[in-house]
Structure formats: C-alpha cells, structure tokens
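The values are calculated or read from the model by the stated rules, or taken from the named source; none is laboratory data. All values derive from a computational prediction rather than experimental measurement. Methodologically, a virtual Cβ is constructed for each residue, glycine included, from the backbone with ideal geometry; neighbour enumeration extends over all protein chains shown.
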Amino acid sequence: MPGLDLIKAAAERLSGVISPTPLVFSSSFSKTLGFDCHLKLENLQKTGSFKVRGAYNRIASLEPAQKAAGVITASSGNHAQGVAWAATLLGISSTVVMPETTPIMKYMAAKGYGGRVIFHGRSFGEACERAIQLASETGAVFIPPFEDELVMAGQGTIGLEIIAALPEVDTVVVPIGGGGLISGIASAIKALSPRVNVIGVEAEACASCTASLKAGHPVAVAGLPTIADGIAVKKVGTQTLEIIKRLVADVCSVGEEAIAAAMLRLIERKKLVVEGAGAVALAAAFAGRLPVKPKKAVFVISGGNVDVTMLDRVIRLGLMKEGRVMKAMAVIADVPGSLARFTALIASLKANIVEVTHEREAVDVPVGTTRITVVLEVESFEHADRVRARLKEAGY
C-alpha cells in the first residue's frame, strides 16, 4: 500500500509536470441529488486522463540504466497514452502492447505521444502477457497499469488535491477497473481524513472487483462489452484488492444506460465530454446506487478519451434512459395530406420529430396505406405518455 510519504513524494515529482485538475461544484447536480456535488475533472488532465500521474511517477523513478533500456506496457487506451507521453517527456523510448480491438483514435493517440504500438490478442489480459514477455526478452522495464506502489502513489496525488481543495468532504466516489486509481486515492484520503467514505463504482458488464470481494481473492469475470471500456478489466489486481478491502467503504456497479445518461448530463449541464469509465461515479449517484447518503461528495471524473464514433450512440442511449426519446408507429392513408395531419398533431403536442420512415410493402400493411414510424424528442416519460395517449385518441 502506498504510504502518505510516498504519495507526497509523487506530488513533488509531478509538480511542474502536470497541473492540479479543477474541483468544480455543480449546483444543478446538487439540487437533483440532494447533496453537495463536486466533480474532480481528471478528463482535463494531460493526455485526457488520470493515468499520466502514475505513469510519470513510475517512469521518473527509474534508475539511469533502466531508463536507457526503455519502457514497455500494455493498455487498451489511457495508460498507453500516459506511458508514451511520460516516456517521451523524459527522453525514454516506449513500447505499448494494445489489443487488436483497440479503437483507432486510442492507438493513434498513443503513437502521437511517441509510443511504439504493437497489437496482440483480443483482450487486455492477452496484451499484458505479451508485454511482460517482451520486457523479459528485450530488457525493457514493464510499467504496470495498476499493480505497482509508485503507480498507485501517482494516482494518489488526486486524493491530496481533493482534501486540500475541500477539507470538509465526507464521501469520495471513484471508478474501479484494475483498482489502481481507487487504491491510490483511498490511501491518501484515509491517511489525511479517516472519517471520509471512499466508494468504488464498476460497470455491471465487467464487475471484477465485486466478484473478487465476494470470493475473498481476485477472480476473473467473463466480462461483456461496455461503453466504460476504460475500466473493463476482467481481473482486479491482487495488491489493489487488499487495499480496497482495508480502505474502501463499499463498491457498487452501474449499467450501460445509467452510464450513458451520466455522460449525457455532463455534456448538457457541464459542457464536458467524458468517457464512459469517467462517468461511472456520477452515474451511480443518479441511478440511486450509492450505498451511503453524502452531504458533501466528490465524484472523480477519471477521463475524457471517448471514442467519438460512439458518441452519437451513447447520446441516444442516454436520451432513452432519461425518457427524452420515444418511438411511435401509425398506419395512415397513402394520400396527400395524411402525413401532414399526423405530423401536425405531433407538433401540437410539443414533440419534435427526429426521424421518420415509410413502409408500404410489408404484408401486414393494407393496400392504399403506409406505415409511419417516427422517433420523437420529448421532455420526459410523462410527456411521452401524453403523446401516445393523444395519438391513440386521434385514431393512430
């Protein structure tokens, strides 16, 4: 477990290299949630995530001979970028092994920061095994994404910043993947302010920490695809699990719709583009999953490296979760004016047509008619119910 002295040393090492990220109060989120809501914006960190803290702290601590040998790591995104950026800044060569399924924008970012990218396997675990093998063959130093005290100490500097900015905080909510972030933050916060509850949040699709806590030791989970791909780690770390057992008050998980809804809220209300992994802490609050009732809470927004090709799908999923998108279907006469009357009724109900499709050739659509399917933007679930009721009254 990284002690407070090790975390403070990391803060000294990072001073002048990175900037402390903002801790912002959200009045709108606070009003909705019923407690003071503060956001720790690691999405505004260099490389777009907290990972650079641990990566730089670990690499900067290497001996000269180790630096000359170069570094290697495995990652599906943010850790790769952090290692590549830190190594380049320190004048050290870096190699990153990434799964073959890594999104283009993520491996291009790692290359852009100066890393040599190698693709291997279909999962983080397979990529990690290959990276460790290459480290043994080449003499390069393997930089673990979470199972390392210096990496955890770097992430723990976030905890120092939180307590310095908001000493009266009573709850800190942190995403969990491999466990390095929450281990570092919890180590710092519990050393400085033992009364603070540290809560972890996972994606339901890959809740390896929850499974491991139940088993009493790290266990691998099958894992399903998730928009929180940055925390889709199928097996939590051995060291990190022990720290979580000791210092973390509780761990909960959230589903895909809740994560998407939180991402949407951050875009609309805070003008922040946040990746799925970065939104899970806030998602837990809005989904009613927090196991405690805070008075002053900090939610760690861990990263902003969202795959922009997925953003439209995420927004749609978030809108559906919030009850702000609905679908309606009607069979109308295939004559001039029918569609105009249908859409005029929708307009009178203050619903906005986002998409409309015609279907004339289906076997269950009578000749002389057409089936219209519309996707509507509405205010809420209640508004959607009113629209459906009025369309039914009108014979649609």
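Out of curiosity, is VAL173 in the same structural domain as ARG289 (by TED's automatic domain parsing), out of contact with any His (no Cβ under 9 Å at 6 or more places or on another chain) and assigned to a strand (DSSP E or B)? Yes; evaluated as a whole, the condition is true for this residue. Pairs are defined by a Cβ separation below 8 Å, a sequence spacing of at least 6 or placement on different chains, a first member in the range 219-234 that is within 15 Å of ARG313 (Cα to Cα) and in contact (Cβ under 8 Å) with a residue 12 or more places away in the chain, and a second member that is of a type in the set (Phe, Trp, Tyr) and buried (at least 23 other Cβ atoms within 10 Å of the Cβ); no pair meets this definition.
Just for the range 293-346: of the residues that are in a loop (DSSP other than H, G, I, E, B) and under 18 Å from GLU275 (Cα atoms), which one is farthest from the chain's Cα centre (by Cα)?
Only one residue fits best here, namely ASP307.
Exactly one residue among SER302, SER338 is at pLDDT below 95, surrounded by 12 or more Cβ atoms within 10 Å (Cβ to Cβ) and among the hydroxyl-bearing types (Ser, Thr, Tyr), and that residue is SER338. Filtering GLY114, GLY179, GLY156 for residues that are in contact with a Cys (Cβ under 7 Å, 6 or more places away or on another chain) and buried (at least 16 other Cβ atoms within 10 Å of the Cβ) leaves a single hit, GLY179.
Listed here are the residues, each with its yes/no results for (1) over 24 Å from GLN81 (Cβ atoms); (2) touching a Gly at 6+ places or on another chain (Cβ under 9 Å); (3) touching a residue at least 40 places away in the same chain (Cβ under 8 Å); (4) of a type in the set (D, E, K, R).
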residue	(1), (2), (3), (4)
PRO22	no, no, no, no
LYS31	yes, no, no, yes
HIS38	yes, no, yes, no
SER49	no, yes, yes, no
ARG58	no, yes, yes, yes
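Filtered by the rule that a residue be surrounded by 24 or more Cβ atoms within 10 Å (Cβ to Cβ) and either in contact with a Pro (Cβ under 9 Å, 6 or more places away or on another chain) or assigned to a loop (DSSP other than H, G, I, E, B) (or both), the range 267-283 gives VAL274, GLU275, ALA277, GLY278, ALA279, VAL280, ALA281.
All of (1) more than 23 Å from the chain's Cα centre (by Cα); (2) hydrophobic (A, V, I, L, M, F, W, C); (3) under 18 Å from GLY177 (Cβ atoms) hold for VAL97 with one exception: (1). Of all residues in the range 187-227, those satisfying the criterion of being in a loop (DSSP other than H, G, I, E, B), at negative phi and among the small types (Gly, Ala, Ser) are SER193, ALA207, ALA220, ALA222. Of all residue pairs spaced 6 or more apart or on separate chains, those with beta-carbon atoms under 8 Å, a first member in the range 2-16 that is within 22 Å of ILE244 (Cβ to Cβ) and a second member that is crowded, with 16+ Cβ neighbours inside 10 Å and among the charged types (D, E, K, R) are PRO2/GLU149; LEU6/GLU149; ALA10/ARG53. The residue that is surrounded by the most Cβ atoms within 10 Å (Cβ to Cβ), counting only those in the range 26-76 that are in contact with a Pro (Cβ under 6 Å, 6 or more places away or on another chain) and over 19 Å from PHE146 (Cβ atoms), is LEU41.
When the range 357-383 is limited to residues that are hydroxyl-bearing (Ser, Thr, Tyr) and surrounded by 15 or more Cβ atoms within 10 Å (Cβ to Cβ), the one that is nearest to THR343 (Cα to Cα) turns out to be THR370. Please work out if SER75 is at pLDDT below 95 and small (Gly, Ala, Ser). Here the answer is yes, as SER75 does meet what is asked. Using the structure shown, decide if ASP312 is on the phi < 0 side of the Ramachandran plot, surrounded by 15 or more Cβ atoms within 10 Å (Cβ to Cβ), without any contact (Cβ under 8 Å) to a residue 40 or more places away in the chain and of a type in the set (D, E, K, R). When the stated conditions are applied, ASP312 does not pass them.
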